[in-house]
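Shown next, in structure tokens, is the structure this report addresses.
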Amino acid sequence: MIFLFLTSGLFLGWSLGANDASNIFGSAVGSKMVSFIKAAALSAAFVILGSVAQGSGATETLSKLGAVDAIAGAFTVALSAALTVFLMTKYALPVSTSQAIVGAIIGWNLYTGNPTDFSSLWKIVLTWFLCPLLSALFSIISYLLFKYLVKKIKPHLLSLDNFLRISLIVVGSFGAYSLGANNIANVMGVFVTAISLPSIDFGIISLSGPQQLFLVGGIAISSGIITYSKKTMMTVGNSIMELSSEMALIVVLAHSIVLFVFSSSSLNNLLTYIGLPNIPMVPVSSTQAIVGAIIGIGLLKGGRDIKFSILGEIVLGWVSTPVIACIIVLFSLFFVNNVFKQNVSAKDFGKNQKNTLNINNQIDTFKNKNTETENNENTYYKAIDTFHKNDTLIITLIKNKNEIDK
Amino acid sequence: MLSFFRTVRNIISQIDEYYNCIDQGNLVFEEGISCYITGNYNIFSEKIKKIEILESTADNLRRMIDSTLYEKSLLPQHRSDILRLLDLSDNTLNMIKAFLINLEIEHPDIPDDIKSLFLELSAKTKLCVEAFACSARSYFRDFNALKEKLHRIYFYEKECDVIGLKIKKLIFNTLHIELSQKSQLRYFVNYIENISDSAEDVADVLAILAIKRDV
């Protein structure tokens, strides 16, 4: 049953993999520096690794924005985000999965009456601006450094080609890792607060509940990369600017660094340790990071060949994507809640059920026959709170013999 | 992975060897003309044999480089430019070989009045070809120095044109020889000028490649 609800997230993951893999290996595969099979295999492996190892950082920020606490609600939010991405892609409008999911979560907050954490929202919106700017800055620095090193070392053209080939593979793998670490929050973030899974211990490693969801989401992204990204990789348009292999390496490196910076909890801990302010861990748009990096290099080369109209389209996307996602989710939640009679929020539990057990007043004490005190007396517990989650009744008990005796 | 490194090393040495052949062919060209003009026909024949071996070696190396670049998918963005560069370089060596062979076959009688100018023309042509071989190596090894070396090719090519014109004027205006002999001498002067012109073609291609390679 849980898997059925996860399908919307898995579909979102699959489409993310199908589209965003070209940002990482597109230039390398398109220019035949790296074969598609190698690129797909590395992307798939490192996306899963990044998702499981570092997916929690960005997920936490999304959860602060709105903790979707019912699985049907999570399903609807993810499905609405996926529909937004699908519709905008169909009409060739620029769209970011990160922005779609944020809009959908805010829509869920509005529908369920949950307050939106505006400080988290402000952090997220700020990163939408920071992402392409930082990417441009990193690409400019990397480009100047690369140019200086080539001038100094004077490698043979073939040695440089060899170096680029290997570097594209290494940096691409890092990019895939960062993509998984940062964007898994878009795919599985809404399910983390809605589904509670027990940890699985494999001996050497153990996977917590959220990590298991990230693993499933990572596999969905990887399947998108393997099954559908070839076309986008092979025909990756130089829609903004013509890229040489050297520029492609720099662009992918800048993009990977930005995604890593916005998802690395280890980096954040290091910054806290040395007394620097934290970087918000937020899912950011992979495509916009690439665009920022390309524009950075383009500006350094004079800005003649850049199609600046694409910048306008990106800014339009920042506004339209969350709004469209919000509208779609509001309608979808209403539909799911009232037509399919599914609880889209924890507050809904009990409303749609004909037979509800209200135990707070009826059953105060539980006699535990398995424990005995020193005086061979049974231990008694009192119910102080109940909570219904995923067809499970959870009762919080306290041992209070004195209270019970009274 | 290791075999890939070995392939790259091999092809680098093949490219170096290829341009060594062109350099040596260039030296043989100047020595060959000098031997012919001074009447050392035995040594001249040896030079022809040497240029044939060098030209054949260069052809084989060019073919090996071409096939390796395609088979191993090396330098995908620069491959067509590099193959064109190698083709034009080979063209120059072919012209040197053809010139020396024609010189042996037709055995023109070069008057004493223009012998020194012929030697001067061959020396400038040799410098022109030397400059182009050096620039071609720069394209692979020291790209930033390439633009500085290209101007030498244009300079020597102009010098060759000036000397060639001087020789032709002397042949037709001053020398009292048969018209057929004048035509034959003019043909050989034009042929030497064509060698420096082909070096200029390589320089033009290298100038475009320099712009394309600028990251």
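Residues are listed down the side, and each one gets a yes or a no for (1) in a helix (DSSP H, G or I); (2) in contact (Cβ under 8 Å) with a residue 60 or more places away in the chain; (3) of a type in the set (Phe, Trp, Tyr); (4) out of contact with any Asp or Glu (no Cβ under 8 Å at 6 or more places or on another chain):
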| position | (1), (2), (3), (4) |
| --- | --- |
| B:Phe29 | yes, yes, yes, yes |
| B:Gly32 | yes, yes, no, yes |
| B:Ile37 | yes, yes, no, yes |
| B:Phe44 | yes, yes, yes, no |
| B:Lys47 | yes, no, no, no |
| B:Glu52 | yes, no, no, yes |
| B:Ser56 | yes, no, no, yes |
| B:Leu61 | yes, no, no, no |
| B:Asp66 | yes, no, no, yes |
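Filtered by the rule that a residue be open to solvent by less than 10 Å² (accessible area, probe 1.4 Å) and hydroxyl-bearing (Ser, Thr, Tyr), the stretch B:15-35 gives B:Tyr18, B:Tyr19. The number of residues in the stretch B:139-166 being of a type in the set (Phe, Trp, Tyr) and not in a helix (DSSP H, G or I) comes to 0.
Give the residues of the stretch A:290-341 that are assigned to a loop (DSSP other than H, G, I, E, B) and at pLDDT 85 or above, sorted by residue number. Across the stretch A:290-341, the qualifying residue is only A:Val339. Scanning the stretch A:248-279 for residues that are open to solvent by 30 Å² or more (accessible area, probe 1.4 Å), in contact with a helix residue (DSSP H, G or I) (Cβ under 9 Å, 6 or more places away or on another chain), of a type outside the set (S, T, N, Q) and under 24 Å from A:Ile184 (Cα atoms) returns A:Leu253, A:Ile257, A:Phe260, A:Leu267, A:Ile279. Kindly indicate whether any position in the stretch A:166-189 is outside any helix (DSSP H, G or I), within 14 Å of chain B (Cβ to nearest Cβ) and modelled with pLDDT of 90 or more. Taking every residue of the stretch A:166-189 in turn, none turns out to be outside any helix (DSSP H, G or I), within 14 Å of chain B (Cβ to nearest Cβ) and modelled with pLDDT of 90 or more. Could you check the stretch A:1-54 and list, in sequence order, the residues that are in contact (Cβ under 8 Å) with a residue 60 or more places away in the chain and of a type in the set (Phe, Trp, Tyr)? Listed by number, the residues that qualify are A:Phe5, A:Phe11, A:Trp14, A:Phe25, A:Phe36, A:Phe46. Residues in the stretch B:169-215 that are assigned to a helix (DSSP H, G or I) and of a type in the set (Ser, Thr, Tyr): B:Ser180, B:Ser183, B:Tyr187, B:Tyr191, B:Ser196, B:Ser198.
Which of the residues spanning the stretch B:146-174 are surrounded by 15 or more Cβ atoms within 10 Å (Cβ to Cβ) and aliphatic (A, V, I, L, M)? Full working, then the answer.
Here is the first cut: in the stretch B:146-174, the ones surrounded by 15 or more Cβ atoms within 10 Å (Cβ to Cβ) are B:146-147, B:149-150, B:152-154, B:156-157, B:159-161, B:163-164, B:166-168, B:170-171.
The answer is B:Leu146, B:Leu150, B:Ile153, B:Ile163, B:Ile167, B:Leu170, B:Ile171.
Of all residues in the stretch A:195-213, those that are within 16 Å of A:Leu49 (Cα to Cα) have Cβ atoms under 8 Å from Cβ atoms of residues that are open to solvent by 50 Å² or more (accessible area, probe 1.4 Å) and part of a helix (DSSP H, G or I), 6 or more apart or on another chain, in A:Leu207/A:Leu215; A:Pro210/A:Ser56; A:Gln211/A:Ser56.
Among the residues of the stretch B:25-47, how many are among the polar types (S, T, N, Q) and closer than 18 Å to B:Ser196 by Cβ? Let's see the steps before the verdict.
Keep residues of the stretch B:25-47 that are among the polar types (S, T, N, Q), which gives B:26, B:34, B:38, B:40, B:42, B:45.
In the following step, the residues that additionally are closer than 18 Å to B:Ser196 by Cβ were identified as B:26, B:34.
So the count comes out to 2.
How many of the residues making up the stretch A:131-161 are more than 14 Å from chain B (Cβ to nearest Cβ) and either buried (at least 20 other Cβ atoms within 10 Å of the Cβ) or of a type in the set (Asp, Glu) (or both)? Summing the residues that are more than 14 Å from chain B (Cβ to nearest Cβ) and either buried (at least 20 other Cβ atoms within 10 Å of the Cβ) or of a type in the set (Asp, Glu) (or both) in the stretch A:131-161 gives 6. Restricting the first residue to the stretch A:223-239 and requiring it to be at pLDDT below 85, which pairs with a second residue that is of a type in the set (Val, Ile, Thr) meet a Cβ separation below 6 Å and a spacing of at least six or different chains? Final answer for the pair search is A:Met233/A:Val29. In the stretch B:4-18, the condition of being more than 25 Å from B:Ile82 (Cβ to Cβ), more than 14 Å from the chain's Cα centre (by Cα) and of a type in the set (S, T, N, Q) is met by no residue.
Could you check, for the stretch B:103-118, whether at least one of its residues is away from chain A (no Cβ under 14 Å), open to solvent by 30 Å² or more (accessible area, probe 1.4 Å) and at positive phi? There is at least one residue in the stretch B:103-118 that is away from chain A (no Cβ under 14 Å), open to solvent by 30 Å² or more (accessible area, probe 1.4 Å) and at positive phi.
Would you point out the residue of the stretch A:162-173, among those that are in contact with a helix residue (DSSP H, G or I) (Cβ under 7 Å, 6 or more places away or on another chain) and β-branched (Val, Ile, Thr), that is surrounded by the most Cβ atoms within 10 Å (Cβ to Cβ)? If you could, list the steps in order and put the result at the bottom.
Of all residues in the stretch A:162-173, those in contact with a helix residue (DSSP H, G or I) (Cβ under 7 Å, 6 or more places away or on another chain) come to A:162, A:164, A:167-169, A:171-173.
In the following step, the residues that additionally are β-branched (Val, Ile, Thr) were identified as A:169, A:171.
On the way: A:Ile169: 17, A:Val171: 24.
Checked the stretch A:162-173; the qualifying residue surrounded by the most Cβ atoms within 10 Å (Cβ to Cβ) is A:Val171.
Residues of the stretch A:83-126 that are more than 30 Å from A:Ala346 (Cα to Cα) and open to solvent by less than 50 Å² (accessible area, probe 1.4 Å): A:Met88, A:Pro94, A:Val95. As a summary of the residue check, A:Val77 satisfies the conditions (1) within 14 Å of chain B (Cβ to nearest Cβ); (2) buried (at least 20 other Cβ atoms within 10 Å of the Cβ) except for the one numbered (1).
Restricting the search to the stretch B:142-177, which residues are more than 14 Å from chain A (Cβ to nearest Cβ) and among the small types (Gly, Ala, Ser)? Answer for the stretch B:142-177, where residues must be more than 14 Å from chain A (Cβ to nearest Cβ) and among the small types (Gly, Ala, Ser): just B:Gly164.
Scanning the stretch A:16-49 for residues that are among the polar types (S, T, N, Q) and open to solvent by less than 20 Å² (accessible area, probe 1.4 Å) yields a total of 2.
Against the numbered list (1) open to solvent by less than 60 Å² (accessible area, probe 1.4 Å); (2) in contact (Cβ under 8 Å) with a residue 40 or more places away in the chain, B:Leu127 comes up short only at (2).
Residues of the stretch B:2-27 being more than 14 Å from every other protein chain (Cβ to nearest Cβ) and either among the aliphatic types (A, V, I, L, M) or free of Cβ contacts under 8 Å to residues at least 24 places away in the same chain (or both), which ones? B:Asn20, B:Ile22, B:Leu27, listed by residue number.
Mind listing whichever residues of the stretch B:68-102 are in a helix (DSSP H, G or I), farther than 24 Å from B:Ile195 by Cα and either touching a Lys or Arg at 6+ places or on another chain (Cβ under 9 Å) or away from chain A (no Cβ under 14 Å) (or both)?
Within the stretch B:68-102, the first condition is being in a helix (DSSP H, G or I), and the residues that meet it are B:68-71, B:79-102.
When the remaining residues are screened for being farther than 24 Å from B:Ile195 by Cα, the result is B:68-71, B:79.
The answer is B:Leu69, B:Tyr70.
Of all residues in the stretch A:187-229, those being open to solvent by 40 Å² or more (accessible area, probe 1.4 Å), touching a strand residue (DSSP E or B) at 6+ places or on another chain (Cβ under 7 Å) and not small (Gly, Ala, Ser) number 2.
The values are calculated or read from the model by the stated rules, or taken from the named source; none is laboratory data. Remember, predicted model here, so these are calculated numbers, not experimental data. Here the Cβ is made from the backbone with ideal geometry for all residues, glycine too, and neighbour counts use every protein chain on show. The accessibility values were calculated without ligands, DNA or RNA, using every heavy atom of the protein model including side chains. Shrake-Rupley method; radii C 1.70, N 1.55, O 1.52, S 1.80 Å.
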